[in-house]
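**Q** Here you go, one structure.
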Amino acid sequence: MKNIIKWTLTIVVGLFFIACGGSDEQVQGFSKSGNAGPLKVTYSSDKPLTVGDNTIVVEIKKDGKPVTGAKVEFKVFMPEMPGMPYMEDVRTLSSTGNSYSGNINFSMAGTWQVKIYIEKDGKKYKYSSSVIL
Ligand SMILES: [Cu+2]
């Protein structure tokens, strides 16, 4: 139920920006993509990534078609550094139609490693990336 409200809000906000298109104020979101074997993986956020909570949307395509019904785990981590422990956040994303989404918390600024683990029809795929906050 929470997700439905979240998505309704996202759509309403999205429509608002479409309706107001043409103004100079563009919302700069975040988006990055790459491959996990035969899969094309895109992860994005409609706002720039920030320290704290971020709503992440993952789209997976194979031969240009959305891959649905997969188990998608999104992990971010920062290796241990002098004076700083290892940090991570892991979330199993919820399927929302043709994409997957969930909340990811970055506990501090810096470079974060991103791993997206995908399981579909008994096969496992991994996408590696990184972001700088
Ligand atoms: Cu650190």
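Any read-out appearing in this document is the output of simple, stated calculations on the displayed coordinates, not a laboratory observation. Keep in mind that this is a model prediction, so the values were computed, not measured. Every residue, glycine as well, gets a Cβ built from its backbone with ideal geometry; the counts of neighbours run over all protein chains shown.
**Q** Quick check on segment 99-120. Is at least one of its residues among the basic types (K, R), in contact with an Asp or Glu (Cβ under 9 Å, 6 or more places away or on another chain), assigned to a strand (DSSP E or B) and within 16 Å of the ligand (Cβ to nearest atom)?
**A** Among the residues of segment 99-120, not one is among the basic types (K, R), in contact with an Asp or Glu (Cβ under 9 Å, 6 or more places away or on another chain), assigned to a strand (DSSP E or B) and within 16 Å of the ligand (Cβ to nearest atom), which makes the answer no.
**Q** Oh, and also: Answer yes or no as to whether K120 is of a type in the set (D, E, K, R) and closer than 22 Å to L133 by Cβ. Give the derivation first.
**A** Working: of a type in the set (D, E, K, R): yes; closer than 22 Å to L133 by Cβ: no.
No.
**Q** Can you tell me which residue is farthest from the ligand (Cβ to nearest atom) among those in segment 78-98 that are among the hydrophobic types (A, V, I, L, M, F, W, C) and loosely packed, with under 15 Cβ neighbours inside 10 Å?
**A** V90
**Q** Something else about it: Going through segment 68-77 one residue at a time, which ones are away from the ligand (no atom under 16 Å from the Cβ) and within 21 Å of L133 (Cβ to Cβ)?
**A** E73, F74
**Q** Can you give me the ranges of the strands (runs of 3 or more DSSP E) entirely in segment 50-96 with at least 3 residues that are hydroxyl-bearing (S, T, Y)?
**A** Because the criterion is at least 3 residues that are hydroxyl-bearing (S, T, Y), the strands (runs of 3 or more DSSP E) in segment 50-96 that meet it are 94-96.
**Q** Next question. Just give me the residues in segment 121-133 being in contact (Cβ under 8 Å) with a residue 12 or more places away in the chain and outside any strand (DSSP E or B), in sequence order.
**A** Residue satisfying the conditions is L133 alone.
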